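Working notes for the structure below.
The values are calculated or read from the model by the stated rules, or taken from the named source; none is laboratory data. Computed from a predicted model, the values in this text were never measured in an experiment. As a convention, Cβ positions derive from the backbone with ideal geometry for all residues, glycine included, and neighbour counts pool all protein chains shown. What goes into the accessible areas is simple: the full protein's heavy atoms, side chains included, and nothing from ligands, DNA or RNA. Shrake-Rupley method; radii C 1.70, N 1.55, O 1.52, S 1.80 Å.
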Amino acid sequence: QVQLVESGGGLVQSGGSLRLSCVVSGIIFSRQAMLWYRQGPGKQLEWVATIFNGGSKSYADSVKGRFTISRDNAKNTVYLQMNSLKPEDTAVYYCKAGTQATWGQGTQVTVSS
């Protein structure tokens, strides 16, 4: 079955950086669009970024210019490089394969002011 394991979260000061990773198994990774979502405290789930199997990318306006999504098909891994972090980026971050309903456990990102 599909499994997604996110990692790389932590506590960082405003303006800092983190890189999240998501290792995927159980699907043909290279054929999948991969997405990152986040859910902040008391907030609804929010789409963050998508990378398509051809490599094209799309970002939410709230992270455009600060976050970069990338993938390594040889490692079945999708990344989210987050720079210039703000307190409002505090959330649990999840990755998801575009055609699958399965979610990982998420990784907590906390940005202090």
For region 11-34, state whether one or more residues are farther than 14 Å from G104 by Cα and free of Cβ contacts under 8 Å to residues at least 12 places away in the same chain.
yes
(1) in contact (Cβ under 8 Å) with a residue 60 or more places away in the chain; (2) surrounded by 14 or more Cβ atoms within 10 Å (Cβ to Cβ); (3) more than 10 Å from G9 (Cα to Cα) all hold for T102 apart from (2)
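Filter region 61-72 for residues that are over 12 Å from the mean Cα position of the chain (by Cα) and surrounded by 15 or more Cβ atoms within 10 Å (Cβ to Cβ) and give the result.
Kept after step one, since they are over 12 Å from the mean Cα position of the chain (by Cα), are these residues of region 61-72: 61-62, 64-66, 72.
Selection gives R66 alone.
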Might you let me know whether region 67-85 holds any residue that is part of a loop (DSSP other than H, G, I, E, B), over 28 Å from S113 (Cα atoms) and not charged (D, E, K, R)?
yes
Those residues that are closer than 11 Å to S14 by Cβ and more than 13 Å from the chain's Cα centre (by Cα), I need them from region 73-89; list them, please.
S84, L85, K86, P87, E88
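Across region 33-52, what is the total count of residues that are part of a loop (DSSP other than H, G, I, E, B) and open to solvent by less than 20 Å² (accessible area, probe 1.4 Å)? I'd like the intermediate steps shown before the answer.
Initial filter on region 33-52 (part of a loop (DSSP other than H, G, I, E, B)): 33, 40-45, 52.
Subsequent filtering for residues that are open to solvent by less than 20 Å² (accessible area, probe 1.4 Å) retains 40.
Here the count works out to 1.
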Anything in region 73-98 that is under 13 Å from V24 (Cα atoms) and either surrounded by 18 or more Cβ atoms within 10 Å (Cβ to Cβ) or not aliphatic (A, V, I, L, M) (or both)? List them, or say none.
N73, K75, N76, T77, V78, Y79, Y94, C95, K96, A97, G98
Looking at region 12-20, can you tell me whether even one residue there is modelled with pLDDT under 95, touching a strand residue (DSSP E or B) at 6+ places or on another chain (Cβ under 7 Å) and open to solvent by less than 30 Å² (accessible area, probe 1.4 Å)?
no
